[in-house]
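The structure appears right after this line, and notes come after that.
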Amino acid sequence: MGNNCDHPPIFMNLALRGAIVASFTALSQAAFASSVAVQVHDAAGKALADVVLYAEPDNGAPAPKSPKAAAIEQRGLKFLPLVSVVQAGSQISFPNNDKVRHHIYSFSPAKKFDQKLYSGVAAATQVFDKAGTVVLGCNIHDRMVAYVKVVDTPFFAKTDAQGIARIELPAAGKYTLKAWHFAMAANAQAEQALLVPAGDAPATASFRLAMKPPVDGDPGN
Ligand SMILES: [Cu+2]
């Protein structure tokens, strides 16, 4: 009996842990009744990270506006993250966490701006209000590059190192699912119809994106 009295706490902990895991699972399924899990590979079958995926509802209703603030920092003479996705109307700040100054610019039609030399958080926040692709560079450091994909929908995600992304959706129904990668070929098949069935199980989709051929003489390729 004495032994038994020492052991119950262990069993209770295990049971409690199981109950907590189960209730978290139930909660997350309830909160996101509809979603789509997307797997992206390149033409050779290699998982592709940093692919922007976004879903536009097919019912013609305007997408809800919920722009969120984002940040692209500079650290180690790099922009971080390399790829950002925001809904049109979102603000992006550019904290400089390097000891040197940077000078950010974009010539992209979707968002042109020029942020003269600065350090710390002196750079003005920029509003990205037009859908499109924005390429950022630094006038001082030629190798610095970042991409901002501005989309007209709040339903988006970016693939992880395994080439997987999950987009939470407001409801079951028909969507157009689009993919974008900064190095994809102009003729890449980057759009597909998506039917999200009612129910708890996520819909699934996959893309096989053709990439641009490597540039001759580029040691990175
Ligand atoms: Cu720089």
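The values are calculated or read from the model by the stated rules, or taken from the named source; none is laboratory data. Note that this is a predicted model, so its numbers are computed, not measured. All Cβ positions, glycine included, derive from the backbone under ideal geometry; neighbour counts span all protein chains shown. Surface accessibility is based on the protein's heavy atoms, side chains included, excluding ligands, DNA and RNA. Shrake-Rupley method; radii C 1.70, N 1.55, O 1.52, S 1.80 Å.
Filtering the range 109-116 for residues that are within 16 Å of the ligand (Cβ to nearest atom), basic (Lys, Arg), at pLDDT 95 or above and within 21 Å of the chain's Cα centre (by Cα) leaves an empty set. Is it the case that Lys65 is more than 15 Å from the ligand (Cβ to nearest atom), without any contact (Cβ under 8 Å) to a residue 40 or more places away in the chain and of a type in the set (D, E, K, R)? So Lys65 does not fit the description; no.
Considering only the range 124-146, how many residues are free of Cβ contacts under 8 Å to residues at least 60 places away in the same chain, more than 10 Å from the ligand (Cβ to nearest atom) and open to solvent by less than 10 Å² (accessible area, probe 1.4 Å)?
Residues meeting the conditions: 2.
The requirement of being assigned to a loop (DSSP other than H, G, I, E, B), within 17 Å of the chain's Cα centre (by Cα) and either free of Cβ contacts under 8 Å to residues at least 40 places away in the same chain or over 30 Å from Gly173 (Cα atoms) (or both) is not satisfied by Lys99.
Open to solvent by 30 Å² or more (accessible area, probe 1.4 Å) and either within 16 Å of the ligand (Cβ to nearest atom) or touching a residue at least 60 places away in the same chain (Cβ under 8 Å) (or both): which single residue out of Asp50, Asp42 fits that description? Sole residue among the options that is open to solvent by 30 Å² or more (accessible area, probe 1.4 Å) and either within 16 Å of the ligand (Cβ to nearest atom) or touching a residue at least 60 places away in the same chain (Cβ under 8 Å) (or both): Asp50. Residues in the range 96-108 that are more than 13 Å from the ligand (Cβ to nearest atom) and surrounded by 14 or more Cβ atoms within 10 Å (Cβ to Cβ): Ser106, Ser108. Listed by position, the strands (runs of 3 or more DSSP E) enclosed by the range 161-221 that each have at least 1 residues that are acidic (Asp, Glu) are 164-169, 191-196.
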